[in-house]
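Q: Here's a structure for you.
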Amino acid sequence: MTNIEIIELFFSAFGSLDHRGMNALYSKEIIYSDPLFGMLEGEQVADKWEMVCMGIREFELTVIKTEEIDHEYATCKWKATWRSSRSNRRIRFEAKSFMRFADQQIIEHSDGFSLTKWIAQAYGIKGEFFGWTNFMKRRVQKEYQRRLEAFSDTKRLQLPDAPGTAS
């Protein structure tokens, strides 16, 4: 499978809000970053995509352009619209993904987008007025990092005990 085919599978799964399909394309040691969540690794990445996919409605994704840079790197420019289940606001989003591949898996993934524009849409009037400030950006980043941590903790608590462990 080529890097472009892997990207196409990833974004096809994303377009269907299929976090399992997306996460299956990552290596176990995946490193991910974006302006909202910051740097994530391994299971944190899987949890991030599960939380994101569960938290949006009326989702539409369009891949604009994929490009293989070399045998190891590729990019994908994409846009999406959705309704946030948290705020019920309609979000219009443009991003560029940078991916690194090894052994037909994604080993590094970073998404670039304007955090200022996202905050303005997601937080309404407050986001429009203050979303450009470093204070507001840090506050939103910390909020989403806490939400991801809480999501991961809740998910871990729901796992059944492993065989051979006491209840």
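Q: Less than 24 Å apart at the alpha-carbon level, and either on another chain or at least 8 residues along: which lysines does that give for K137?
A: K48, K77, K79, K96, K117, K126
Q: Something else: For the chain, what does the relative contact order come out to in percent, with C-alpha contacts under 8 Å and a separation of six or more?
A: 20
Q: 7 Å from Cα along Cα→Cβ at both T75 and Q141: what's the point-to-point distance in nm?
A: Going by the 7 Å Cα→Cβ label model, 2.2 nm.
Q: How big is Rg to Rh over the chain, alpha-carbon atoms, Rh as the Kirkwood inverse-mean-distance radius?
A: Ratio value, two decimals: 0.99.
Q: Hey, which aspartates and glutamates would be in cross-link range of K28, C-alpha to C-alpha under 17 Å, not counting anything within fewer than 8 residues on its own chain?
A: Within the straight-line limit of under 17 Å, K28 reaches these aspartates and glutamates: E41, E43, D47, E50, D103, E108.
Q: Cα-based Rg (one decimal) and Dmax (whole number) for the range 1-71, in Å?
A: Using the Cα atoms of the range 1-71, the pair Rg, Dmax is 12.5, 35 Å.
Q: Ignoring ligands, DNA and RNA, what percent of the accessible area of the chain is carbon or sulfur (1.4 Å)?
A: Of the solvent-accessible surface of the chain, carbon and sulfur hold 52 percent.
Q: Under a Cβ-Cβ cut-off of 12 Å, what is the net charge of the residues other than A74 that fall near it, where Lys and Arg count +1 and Asp and Glu count -1?
A: Cβ neighbours under 12 Å give a net charge of -3.
Q: Here's something else I'd like to know. Nearest 20 debye, what's the magnitude of the dipole of the chain about its Cα centre given +1 on Lys and Arg Cβ and -1 on Asp and Glu Cβ?
A: Magnitude of the dipole: close to 1160 debye.
Q: Out of the DSSP beta bridges found with both residues in the chain, what percent are antiparallel (nearest 5)?
A: 90
The values are calculated or read from the model by the stated rules, or taken from the named source; none is laboratory data. Everything numeric here is computed off the predicted structure, so don't read it as measured data. Here Cβ is always computed from backbone atoms with ideal geometry, including for glycine, and neighbour counts include all displayed protein chains. Note: areas computed on protein heavy atoms with side chains; ligands, DNA, RNA excluded. Shrake-Rupley method; radii C 1.70, N 1.55, O 1.52, S 1.80 Å.
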